[in-house]
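All remarks here apply to the structure that follows.
The values are calculated or read from the model by the stated rules, or taken from the named source; none is laboratory data. Just so it is clear, the model here is predicted, and its values are computed rather than measured. Don't worry about glycine lacking a Cβ; one is built from the backbone with ideal geometry, like all the others, and counts go over all protein chains shown. Accessible surface areas use protein heavy atoms only, side chains included; no ligands, DNA or RNA. Shrake-Rupley method; radii C 1.70, N 1.55, O 1.52, S 1.80 Å.
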Amino acid sequence: MVLDLKMPGIDGMEVLRNVRRMYPQVQVIILTGHGTEKDEKEAKRLGAFAYLQKPVDLEKLVRTMKAAYKKKLEDAMVAATFAEAGEFETAKSILDADKDKKK
């Protein structure tokens, strides 16, 4: 997910919090023109995969999106390997790892 911090009617940090809580496997990339270093630290603390400033180099955005997708696939593949071996709790903990870090 690519998410801005400043949006009409809702704060991007609040969206990030909700996404991380409800869908911990989703990789969130913050792309903003209004952020500060404090915002970047908070976004990363909340679990953002990356924090990019506008205007962003298109190649950098594409590389970041590919890296986020690759991480999601790698996590799913590792979890599937454990599930196939009957290690269901381990598989679940891998998929929920980001969620658990926030508690």
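General observations
- A single entry from 79, 48, 91 fulfils the requirement of being assigned to a loop (DSSP other than H, G, I, E, B), out of contact with any Ser or Thr (no Cβ under 6 Å at 6 or more places or on another chain) and of a type in the set (Gly, Ala, Ser): 48.
- Reported count of residues in segment 3-35, each being open to solvent by 70 Å² or more (accessible area, probe 1.4 Å) and over 16 Å from the mean Cα position of the chain (by Cα), is 6.
- Qualifying residue in segment 60-70 (condition: assigned to a strand (DSSP E or B), open to solvent by less than 40 Å² (accessible area, probe 1.4 Å) and at pLDDT 90 or above): no
- Subset of segment 36-59 [among the aliphatic types (A, V, I, L, M) and open to solvent by 100 Å² or more (accessible area, probe 1.4 Å)]: 58
- For segment 14-24, the count of residues that are of a type outside the set (A, V, I, L, M, F, W, C), within 19 Å of residue 63 (Cα to Cα) and at pLDDT 90 or above is zero.
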